[in-house]
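Participant: One structure coming up, written as structure tokens, with questions to follow.
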Amino acid sequence: MTQDDLIIADPKMRAEGVDVFYGEKQAIKDVSIDVGTDLVTAFIGPSGCGKSTFLRSLNRMNDTVASARVTGRIELDGEDIYAPSMDVVQLRARVGMVFQKPNPFPKSIYDNVAYGSRIHGLAANKADLDVIVERALTRAGLWDEVKDRLNESGTALSGGQQQRLCIARAIAVDPEVILMDEPCSALDPIATAKIEELIHELRGKYAIVIVTHNMQQAARVSQRTAFFHLGTLVEYGKTTDIFTNPKQERTKDYITGRYG
Ligand SMILES: Nc1ncnc2c1ncn2[C@@H]1O[C@H](COP(=O)(O)OP(=O)(O)OP(=O)(O)O)[C@@H](O)[C@H]1O
């Protein structure tokens with residue numbers, strides 16, 4: 001691998017010298033990383049190493065935690081997302097998020113997907129909204145399963161379907177980046193396989209960042225992998241290199257199962 005392989009010419013997101021604190025406790029230490037537009041980037045590392053904390057700093061979800069403080073710089077298309085002028089609601093539409101546990105709203109399938117478009121005024125009329133909802137559900141691989149029951153509650157779907165509904169909800173507002181925080185950890189192997197397939201299909205349409213505990217999953221779905229340990233970014237590179245030829249001892253120990 002040469003250094004050139006890792007250069008992301010036009011990163012979708014760029015973090016520079018990012019620290020995250022919860023009160024006095026530092027959870028992320030001086031992390032710098034570029035996220036590519038056409039790539040799936042996996043964050044791996046042992047429990048408590050800060051993967052979720054760093055992921056959540058990429059769309060300012062940490063703002064919702066009173067004790068959390070983020071320093072350093074995080075850019076989306078070159079723009080500082082922590083600048084006072086940044087509209088956080090817009091930011092979270094541009095950088096969508098899918099959580100560990102599927103969390104559909106207690107609303108109909110249709111309304112779950114239409115929700116963001118309504119808030120952001122993306123549809124001029126009902127016909128427009130219908131198109132947005134169908135497109136998002138199709139992209140999320142769920143349309144055929146739900147097209148005849150759009151008025152049923154989203155919470156009545158299976159866990160895997162609920163997670164695809166949450167992905168559809170994120171997609172519906174046309175995000176540029178989708179952050180996924182262990183999106184399969186509550187799902188069975190078949191539902192997990194479907195989400196992984198979906199990630200393949202969505203690649204290139206959105207920059208995707210996925211936190212996963214499952215190294216096989218990181219190897220299957222991502223092109224770039226970042227290994228975190230004790231709040232630091234130990235190694236970042238092409239997924240194939242991280243898994244077959246890691247440079248750092250700590251990465252090697254983790255991927256060979258010596259700790260985790
Ligand atoms: N809301 C919070 N308040 C205080 N400390 C927190 C909070 N959230 C996380 N932490 C701490 O920050 C550190 C990093 O946690 P984080 O959840 O980001 O790690 P992680 O790598 O995603 O872990 P896991 O894989 O277990 O989800 C941990 O020490 C954790 O206890």
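Where a number appears in this text, it was derived from the coordinates with a stated rule and is not lab data. All of these numbers come straight from a predicted model, not from anything done at the bench. Backbone-built Cβ (ideal geometry, glycine too); neighbour counts: all protein chains shown.
Participant: For helix 126-139, report the angle its Cα long axis makes with the longest principal axis of the Cα atoms of the chain; keep it between 0 and 90° and round to the nearest 10°.
Facilitator: That works out to roughly 40 degrees.
Participant: For the chain, take the longest principal axis of its alpha carbons; what is the angle in degrees between that and the long axis of helix 109-119, to the nearest 10 within 0 to 90?
Facilitator: So the helix axis and the longest Cα principal axis differ by about 70 degrees.
Participant: By what distance, in whole Å, do the Cα atoms of the stretch 66-108 stretch along each of the three principal axes, largest value first?
Facilitator: Over the stretch 66-108, Cα extents along the principal axes are 37, 25, 16 Å.
Participant: Loop-only check: which trypsin sites (Lys or Arg not before Pro) in the stretch 84-149 are DSSP coil with at most 15 other Cβ within 10 angstrom?
Facilitator: 107, 147, 149
Participant: If you fit an axis through the alpha-carbon atoms of helix 159-171 and take the longest principal axis of the Cα set of the chain, what angle between them do you get, 0 to 90°, nearest 10?
Facilitator: Tilt of helix 159-171: around 90 degrees.
Participant: Note down, for the stretch 168-260, the three equivalent ellipsoid semi-axes (square root of 5 times each alpha carbon gyration tensor eigenvalue), biggest first, whole angstrom.
Facilitator: Semi-axis lengths for the stretch 168-260 are 25, 15, 12 Å.
Participant: Now a separate question. Please report Rg (one decimal) and Dmax (integer) in Å for the Cα set of the chain.
Facilitator: Computed over the Cα atoms of the chain, radius of gyration and Dmax are 18.3, 57 Å.
Participant: For the stretch 22-126, what mean projected area does the convex hull of the alpha carbons give, in nm²?
Facilitator: Its Cα hull, projected and averaged over all orientations, spans 9.0 nm².
Participant: Test of understanding: given the chain, find the longest segment containing no GluC sites (Glu not before Pro) that are in a DSSP loop and have at most 14 other Cβ atoms within 10 Å.
Facilitator: No qualifying site falls inside 25-151, the longest such stretch.
Participant: Take the chain, connect every pair of alpha-carbon atoms lying under 10 Å apart with a spring to form a Gaussian network, then pick out the residue of 49, 184, 166 with the largest mean-square fluctuation.
Facilitator: 49
Participant: If you don't mind, there's one more thing I want to ask. Report ³J(HN,Hα) in whole Hz for each residue of the stretch 45-52, in order, from the Karplus equation J = 6.51 cos²θ - 1.76 cosθ + 1.60 where θ = phi - 60°; Gly and Pro get x.
Facilitator: Coupling constants for the stretch 45-52: x, x, 3, x, 7, x, 4, 5 Hz.
Participant: Considering the zone a paramagnetic label at residue 230 would reach in this model (a point 7 Å from Cα along the Cα-to-Cβ line), which residues of the stretch 33-50 have amide N under 15 Å from it?
Facilitator: Hits in the stretch 33-50 for residue 230 at 15 Å: 46-50.
Participant: What is the Rg over Rh value, at two decimals, for the stretch 21-62, using alpha-carbon atoms and the Kirkwood definition of Rh?
Facilitator: My calculation puts Rg/Rh at 0.98.
Participant: Shifting gears a bit: Please turn the phi angles of the stretch 177-191 into ³J(HN,Hα) values with the Karplus equation 6.51 cos²θ - 1.76 cosθ + 1.60 (θ = phi - 60°), one per residue in order, whole Hz, x for glycine and proline.
Facilitator: Coupling constants for the stretch 177-191: 10, 10, 9, 10, 9, 6, x, 10, 5, 9, 10, 7, x, 6, 5 Hz.
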